[in-house]
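The values are calculated or read from the model by the stated rules, or taken from the named source; none is laboratory data. Here the structure is a predicted model, which means the values were calculated and not measured. Don't worry about glycine lacking a Cβ; one is built from the backbone with ideal geometry, like all the others, and counts go over all protein chains shown.
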4 protein chains.
Amino acid sequence: MSRRRSRFLLKPVEPFTVESGLSADDVLSRMERVSFQGRNLATARRIWERMLASDATIFLGCAGALSAGGMRLILAHFIEQRYIDVLVSTGANLYHDLHETRGRRHFIGSPTLDDAALATERIDRVYDTLASEDEFCKNDEWIAAFVLKLERRPYTSREFLYKLGEHLWNETGNVGILTAAYRANVPIFCPAIADSSIGMGLSQGRHRDPQAGVIDVIGDIIESANLVIRRPSTATIVLGGGTPKNFINQASVQAEFYSEKVAGHKFAIQIVTDVPHFGGASGSSLEEAQSWGKLSLEAERVTVQADVSVALPLLATALETGARDLLPKRKRPDFDPSGRLLGLNGQSLADNRYEE
Amino acid sequence: MSRRRSRFLLKPVEPFTVESGLSADDVLSRMERVSFQGRNLATARRIWERMLASDATIFLGCAGALSAGGMRLILAHFIEQRYIDVLVSTGANLYHDLHETRGRRHFIGSPTLDDAALATERIDRVYDTLASEDEFCKNDEWIAAFVLKLERRPYTSREFLYKLGEHLWNETGNVGILTAAYRANVPIFCPAIADSSIGMGLSQGRHRDPQAGVIDVIGDIIESANLVIRRPSTATIVLGGGTPKNFINQASVQAEFYSEKVAGHKFAIQIVTDVPHFGGASGSSLEEAQSWGKLSLEAERVTVQADVSVALPLLATALETGARDLLPKRKRPDFDPSGRLLGLNGQSLADNRYEE
Amino acid sequence: MSRRRSRFLLKPVEPFTVESGLSADDVLSRMERVSFQGRNLATARRIWERMLASDATIFLGCAGALSAGGMRLILAHFIEQRYIDVLVSTGANLYHDLHETRGRRHFIGSPTLDDAALATERIDRVYDTLASEDEFCKNDEWIAAFVLKLERRPYTSREFLYKLGEHLWNETGNVGILTAAYRANVPIFCPAIADSSIGMGLSQGRHRDPQAGVIDVIGDIIESANLVIRRPSTATIVLGGGTPKNFINQASVQAEFYSEKVAGHKFAIQIVTDVPHFGGASGSSLEEAQSWGKLSLEAERVTVQADVSVALPLLATALETGARDLLPKRKRPDFDPSGRLLGLNGQSLADNRYEE
Amino acid sequence: MSRRRSRFLLKPVEPFTVESGLSADDVLSRMERVSFQGRNLATARRIWERMLASDATIFLGCAGALSAGGMRLILAHFIEQRYIDVLVSTGANLYHDLHETRGRRHFIGSPTLDDAALATERIDRVYDTLASEDEFCKNDEWIAAFVLKLERRPYTSREFLYKLGEHLWNETGNVGILTAAYRANVPIFCPAIADSSIGMGLSQGRHRDPQAGVIDVIGDIIESANLVIRRPSTATIVLGGGTPKNFINQASVQAEFYSEKVAGHKFAIQIVTDVPHFGGASGSSLEEAQSWGKLSLEAERVTVQADVSVALPLLATALETGARDLLPKRKRPDFDPSGRLLGLNGQSLADNRYEE
């Protein structure tokens, strides 16, 4: 062809070629040159690698039934190995993590089981996954008993969850999200803690002592924004959307009000199944986030439209295979989440005023 | 045909017939005998009517960008006319309501606008809808100033939002969700208030006074469950899923722990775009909810898979046309949400212990 | 505010206000100023009105189980009243239409019925809708018998479906899609006829006579493109995506190869539930269609992400209420679909060569 | 716990554990005990293995933009290695395969490119993927020229596509879907060939010679059903839904009319993004298919709700790693697709009558 190629037609799609014994790392590498969500998933890995090589503090937000669905040890691994620095979670993911860390299990079921029969046997269903309601009730009591051991003062969800992880570790010695975060000093925020079984456990603690079970979620807002203000840059990884997605973005927006140097997250990955066109936050696009200043206009970013249970095992394995070397060199924050105020690199972050 | 009809083939689909001038009520009535989500939407109306004719206390949960997207006066109408008794909302829906009640507007945009240009002009985009970030900042300050007028003690989100609605009504005299709820004595719960601009406003109040802006979301859990315990039966209407969906269900589950007579919501409608098969709560089926006891095994129920902005105008208009007569006869609860404790039919509901 | 409004913030969202007795027309009019898919549905009505007021030949494509699901008389109404000029359909929609025009019914079922029990009773399920397999088998035989009445030569799907509608009308005198199209001289194309029970009926005709049941689908391609070439402009309305969506677009692309004046459809509406991000044609955006020249770069267009069974009753009723006056003034094509060649305004369109 | 475990709680979820260097095979194996779509994808591999170990003839249906999106060599691999026996495809997948086999490319783009600019440069966009329209036009001409080399008689799509693959192989010697199928004697059916650029090429052949380009799609129906009648059992693998999904099921239903021993496919896998609740065929459940007799009531089956571009690379690699040994032992059919009638194990299948 004598005609010059269009400026648009520069990089060909490379059809994926099948080969026996390929590693997950290789599979994902070959997916970089396919199309649609396969390419996006492969791109997510590369952006995560660039996060690790940068000075960004990495927030990971997780919603959906990830823990019940077998993803909790991947999250624990990210925490332990410091693929991430801060976790923002729904209460459910922490609760189902606690359930397994305490030695209980979720079970393989099916979405077509008879829910009346399940109700009769006191079994709770999450799509194709089952658990014992009696065991859940015992978790609630365990949490309530723990709540009564705490001081009678407000705790941010971050401080509360640190103590919960500590207690869980001391009692079980088992690996999970909460215990890994405790041991790795990774702070966990849970802005919607009141909408979860952890919240129910807290309320049962208060039922026994009217002064117990006070969570200061407004303090979490200030602490998370101060954290953004203090760090040179930030990155967001969202699994499933929900309150964690917005909370991580809100920290950036709020930080910007009090510090001129904050200008939105520098990197963004989201793996979601929601779509933008109904206007909800879970499915909202990363471009929309730029209009709000949640994301930098130059942010490297990718949305992967996929179920986390399909995408995450491949992504996590590929990262662990190809990106491990980046971990020791990371310019990561050093937290102390054990106290009323969150320690960051030897200083405390206020929970009652914004500080540049 | 001599053969007897199968027991399965009893009620034929009636094709929808077009007619000039049909009312919304007629359109929805004719949709009762079509298939798929059209039939489900028509069924939702009938179930809502049966809720109104029953002794059920009706919870409505709303997530997604309903207020920004032009649905807030439908919600205000439901509150004023007592199509519902209790609202559970995300912070965003209340914040965008406050924005318009304060005389500001959202604007018609497009999902393909240039977000860099919007960011430069400080305009925030929600899919195809726009608003001024400067006006949002002023809302935040307005909320912060209001927070400083409150006592220096914890408020449940329910009490806080009542006071906020009161202040908003006194200042503006405008109709909206918050002001309608204030005037109609309809309690509003916002379990994830920390994940919203209302939470940001609260945090800015605390920034000015470290004792201000304390929200007791655990108290909300207890109060909402005590409400379920006290009422003869309950119903849930969910628009969009999210934290409100689970919070309403959790109130029922929590109530059951402390009262043998509670046995799940008696009626359930959900209008959602999420799907069950990824395991998330927003899309979870009403049958799954029965396994948990969130819904009664006999609950009349329907899931409508549709965008609320398409479904709700038709549904609300049809209800107002055909079901108004049911409103004066309702056996509805009589709330006093003005105090630290929620009043219900002349008694107070505890926020620190479960009471049968 | 002294600052000038941004150029982006010109047209405010108008919250929908509920009113007793509102017509479907009014409801849809009020939805024009809300957001998300509600606004898009209201916009679809306005674009359809502009189609009717223009010189465009209007193609409507329908996929999904619209006929089984109670939408067939809306389509028949569009045909009879000439809200549309050409129908492109899947075989299934025509087959289920034929089923009901022949006096059989579809029945109200549920998605949770026991499919083994249904199979035993020879009942076929389409999500929440049921029908008798024995009746379907009789339809197949009825079609096969009709096929044997035809000449032993290839028929385009368009000619075949005209004859089928004629036969059906003569035998039943009942209104439906096929009979309405026969009586209104509206051509129907069915490019994927081999993938449907109509195709199965044709194959059973051939089983009885090896010379019978020959459908010339390549002739359909040429005929449809020649139709586009001859008309001053064209418009596309897509319900559900599938082969009809692409076939209508393909007619435009193919026409462009042979006529310089063809430049893509001038108007486009699609009501779909598929999404663009998996790369499939059903969910592809109207903007993407512009890159191909399927749509004019100036095309007025809207995508409505909604189930047709929710959106179409409202849309059709509003059109019939507010847009009827446009029908008599339409500059519509005058077809004769009765012969081997399709007549258009007194001339024949070739099916074996492209003609400018 | 002394209480016996519920019969429902037998098999615990095993959280996925991350490990460096894991093969795709290992990753998918560990996904068997997680939940949601990850588990379903892992199950799909096991069911495919059981297909290979059985006496089933394996149909694979593919819709969506798989070839343009980099999946075509996976399909070619399945054909070459006889992971499948019969392909049913949309025209688009075969056309984009032909494009690349002819040495042209698709290119990496983005969904946010300016479609007006693309149109001006004659570049066609498929979501995030681009191609040259001029090259597409040359493909069309190439197909038209090939059509004129054929006899002036009807061809089933199966015979036509065999000849097309042969011609393509002879001219290019390149691997692709069409050329692999030619070389491996795997028949390809394309029931909706009229709705694709291959159909457009055929129509351009006829434009040059009015006797050329006749495709007998009704013959395809009979041939595919006779194939089902002759084989001991059948299996279906569906990627993306669309006409191939139904065509494969229809072959089974049609075969049942003429042979008592046919009783629905014995195995079924579908990887789709559509959902059941709008009633369309692409998203319809495998249980629904059982009510029709498309699937055996005992069929092993799984639906994976995922984008093929995410799921297929992992699935294909795992199969190639772990299931290769099953291939030489397969009880597979031996086809001769080169003639007017399809040869199967030394006999011919009629295309004009159903034969038990």
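Which of the residues spanning the range B:92-112 are at the interface with another protein chain (Cβ under 8 Å from one of its Cβ atoms), more than 13 Å from A:Trp292 (Cβ to Cβ) and of a type in the set (A, V, I, L, M)? Across the range B:92-112, the qualifying residue is only B:Ile108.
Within the range C:51-105, the only residue that satisfies the criterion of being surrounded by fewer than 24 Cβ atoms within 10 Å (Cβ to Cβ), more than 27 Å from C:Arg231 (Cβ to Cβ) and small (Gly, Ala, Ser) is C:Gly103.
Residues in the range A:102-113: is at least one part of a helix (DSSP H, G or I), over 24 Å from A:Asp216 (Cβ atoms) and not aliphatic (A, V, I, L, M)?
no
Considering only residues of the range B:145-163 that are within 11 Å of another protein chain (Cβ to nearest Cβ) and not in a loop (DSSP other than H, G, I, E, B), which is farthest from the chain's Cα centre (by Cα)? Among them, the one singled out is B:Val147. Would you call C:Asn174 more than 10 Å from chain D (Cβ to nearest Cβ), in contact (Cβ under 8 Å) with a residue 40 or more places away in the chain and not basic (Lys, Arg)? Here the answer is yes, as C:Asn174 does meet what is asked. Within the range B:284-318, the set of residues being in a helix (DSSP H, G or I) and more than 7 Å from every other protein chain (Cβ to nearest Cβ) comprises B:Leu286, B:Ala289, B:Val308, B:Leu312, B:Leu315, B:Ala318.
A single entry from A:Asp274, A:Asp220, A:Asp209, A:Asp216 fulfils the requirement of being without any contact (Cβ under 8 Å) to a residue 60 or more places away in the chain, within 14 Å of chain B (Cβ to nearest Cβ) and of a type outside the set (Ser, Thr, Tyr): A:Asp274. For A:Phe78, the stated conditions hold: it is at pLDDT 95 or above, closer than 22 Å to A:Ile177 by Cα and within 13 Å of chain D (Cβ to nearest Cβ).
In this entry, C:Leu319 is excluded by the filter for residues that are of a type outside the set (Ser, Thr, Tyr), in contact with a strand residue (DSSP E or B) (Cβ under 9 Å, 6 or more places away or on another chain) and crowded, with 16+ Cβ neighbours inside 10 Å.
Of all the criteria given as (1) within 14 Å of the chain's Cα centre (by Cα); (2) within 29 Å of D:Glu121 (Cα to Cα), the one not satisfied by A:Glu14 is (1).
Screening the range D:50-75 for residues that are aliphatic (A, V, I, L, M) and assigned to a strand (DSSP E or B) and picking the one that is farthest from the other protein chains (Cβ to nearest Cβ) gives D:Ala56. Please go through the range A:282-298 and give me each residue that is crowded, with 23+ Cβ neighbours inside 10 Å, under 19 Å from the mean Cα position of the chain (by Cα) and hydrophobic (A, V, I, L, M, F, W, C), ordered by number. Selection gives A:Ala289, A:Leu295. Hey, any hits in the range A:164-186 for a residue that's within 23 Å of B:Val214 (Cα to Cα) and assigned to a loop (DSSP other than H, G, I, E, B)? No, every residue in the range A:164-186 fails to be within 23 Å of B:Val214 (Cα to Cα) and assigned to a loop (DSSP other than H, G, I, E, B). Does the range D:100-123 include one or more residues that are in contact with a helix residue (DSSP H, G or I) (Cβ under 6 Å, 6 or more places away or on another chain), small (Gly, Ala, Ser) and farther than 22 Å from D:Leu344 by Cβ? Scanning the range D:100-123, I find at least one residue that is in contact with a helix residue (DSSP H, G or I) (Cβ under 6 Å, 6 or more places away or on another chain), small (Gly, Ala, Ser) and farther than 22 Å from D:Leu344 by Cβ, so the answer is yes.
Any residue that is among the hydroxyl-bearing types (Ser, Thr, Tyr) and within 14 Å of chain A (Cβ to nearest Cβ) - is there at least one of those in the range D:251-265? Taking every residue of the range D:251-265 in turn, none turns out to be among the hydroxyl-bearing types (Ser, Thr, Tyr) and within 14 Å of chain A (Cβ to nearest Cβ).
Filtering the range B:1-28 to residues that are of a type in the set (Ser, Thr, Tyr) and in contact (Cβ under 8 Å) with a residue 24 or more places away in the chain leaves only B:Ser23. Name the residues in the range B:170-185 that are among the aliphatic types (A, V, I, L, M) and buried (at least 24 other Cβ atoms within 10 Å of the Cβ), would you? Within the range B:170-185, B:Ile177, B:Leu178, B:Ala180, B:Ala181 meet the criteria.
I'd like the full set of residues that are touching a helix residue (DSSP H, G or I) at 6+ places or on another chain (Cβ under 6 Å), β-branched (Val, Ile, Thr) and either over 25 Å from C:Gly279 (Cβ atoms) or in a loop (DSSP other than H, G, I, E, B) (or both), limited to the range D:229-269. Across the range D:229-269, the qualifying residues are D:Ile229, D:Thr234, D:Val262. Among the conditions (1) under 30 Å from D:Ala68 (Cβ atoms); (2) surrounded by 20 or more Cβ atoms within 10 Å (Cβ to Cβ), C:Leu344 misses just one, which is (1).
Count, please, the residues in the range C:1-49 that happen to be among the hydroxyl-bearing types (Ser, Thr, Tyr) and part of a strand (DSSP E or B). The qualifying residues number 1.
In the range A:114-139, the residue that is surrounded by the most Cβ atoms within 10 Å (Cβ to Cβ) out of those that are part of a strand (DSSP E or B), facing chain D (nearest Cβ under 10 Å) and not hydroxyl-bearing (Ser, Thr, Tyr) is A:Leu130. Taking the stated definitions as given, is C:Gly70 over 27 Å from B:Arg7 (Cβ atoms) and touching a residue at least 60 places away in the same chain (Cβ under 8 Å)? So C:Gly70 fails the test. Among the candidates A:Asp336, A:Asp351, the residue that is closer than 30 Å to A:Phe160 by Cα and crowded, with 24+ Cβ neighbours inside 10 Å is uniquely A:Asp351. Consider C:Ile193 carefully, then state whether it is part of a helix (DSSP H, G or I) and in contact (Cβ under 8 Å) with a residue 12 or more places away in the chain. Answer is no for this residue.
The residue that is surrounded by the most Cβ atoms within 10 Å (Cβ to Cβ), among those in the range C:197-228 that are small (Gly, Ala, Ser) and in a helix (DSSP H, G or I), is C:Ser203.
When you check B:Thr321 against the structure, is it at pLDDT 95 or above, part of a strand (DSSP E or B) and within 14 Å of chain C (Cβ to nearest Cβ), yes or no? It is false that B:Thr321 is at pLDDT 95 or above, part of a strand (DSSP E or B) and within 14 Å of chain C (Cβ to nearest Cβ). In the set C:Arg33, C:Arg46, only one residue is without any contact (Cβ under 8 Å) to a residue 40 or more places away in the chain, at the interface with chain B (Cβ under 7 Å from one of its Cβ atoms), surrounded by fewer than 21 Cβ atoms within 10 Å (Cβ to Cβ) and of a type in the set (D, E, K, R); that residue is C:Arg33.
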